[in-house]
1. For the stretch 132-159, give me the residue count where each residue is closer than 21 Å to residue 51 by Cα and open to solvent by 20 Å² or more (accessible area, probe 1.4 Å).
2. Is there a residue in the stretch 79-89 that is within 19 Å of residue 32 (Cβ to Cβ), open to solvent by less than 40 Å² (accessible area, probe 1.4 Å) and assigned to a helix (DSSP H, G or I)?
3. Among the residues of the stretch 45-70, how many are assigned to a loop (DSSP other than H, G, I, E, B) and more than 14 Å from residue 93 (Cβ to Cβ)?
4. Is it true that residue 44 is farther than 17 Å from residue 121 by Cα and at pLDDT below 90?
Amino acid sequence: MRRWVCCALLFGLFIGLMSATPASAEDCGGNFPARLGCWKKGLGDGLVVVTLRSELPLDGRKADRATMIDGVLKQSGNLEVQVPAGVTTGEGGTVLLMLVAQNHRLVDPKAVITPLSPATRTELDNVCKQKQSFCDAVDGKGTLTGEDLVGKGVATRHHAYAVGSTGDNDRDKWPLRHRHRPDPARRLRPPRPHAPPRHRPRDRRPHRRRTHRALRATPPRHPPGP
């Protein structure tokens, strides 16, 4: 009985500690307005860095989006958005880039920027009046890259360095940890045959045949003849 009581108390203590743990940036889920509201909570305390690792859709109710976009735009000086190489922003990610300042739009040249549809451009007409150059750059003109935005002067090329990384070099692209991936061509190579173990040859001495001395029989003495 005492065991069950102790286990119940420990379980309750664990649940209490988990609920008291503050939420991190990775806990901001939900639709687009919910994510903006979650990120907005930290803008008053300091810099909030959002790294897009996948497409961010522009979902949720239009009224909720307008409210959250207006609130984030007023505090966008403390918001920074990073888009690593090979990542597609999605329409929500492009809108998120629009909300921040030019020096806080940190994009890799190989990032893929989703253009804004005509309906989204109409919805964000008031925002585009403040971010005219960026809206013109992503106004439904086909898929763009980070290099295109940097060339048009509406984004900043970003390079990050990490000290004490887990890779072979101290230079890591983007502050995301990537495990070392083996060379795929290496997997196709046939395994090397294992060499047989080298044994130290024994000290072989020439085998000596044992020879026995033949017994010399004494010739019989014959009696003298008659």
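The values are calculated or read from the model by the stated rules, or taken from the named source; none is laboratory data. Since the model is a prediction, treat every value here as computed from it, not as a measurement. As a convention, Cβ positions derive from the backbone with ideal geometry for all residues, glycine included, and neighbour counts pool all protein chains shown. The protein model used for the area step is the full one, side chains on, heavy atoms only, and it has no ligands, DNA or RNA in it. Shrake-Rupley method; radii C 1.70, N 1.55, O 1.52, S 1.80 Å.
1. 10
2. Taking every residue of the stretch 79-89 in turn, none turns out to be within 19 Å of residue 32 (Cβ to Cβ), open to solvent by less than 40 Å² (accessible area, probe 1.4 Å) and assigned to a helix (DSSP H, G or I).
3. Let us first name the residues in the stretch 45-70 that are assigned to a loop (DSSP other than H, G, I, E, B), namely 45-47, 52-61.
With the extra rule that they be more than 14 Å from residue 93 (Cβ to Cβ), the set shrinks to 45-47, 60-61.
Summing the residues that are assigned to a loop (DSSP other than H, G, I, E, B) and more than 14 Å from residue 93 (Cβ to Cβ) in the stretch 45-70 gives 5.
4. So residue 44 passes the test.
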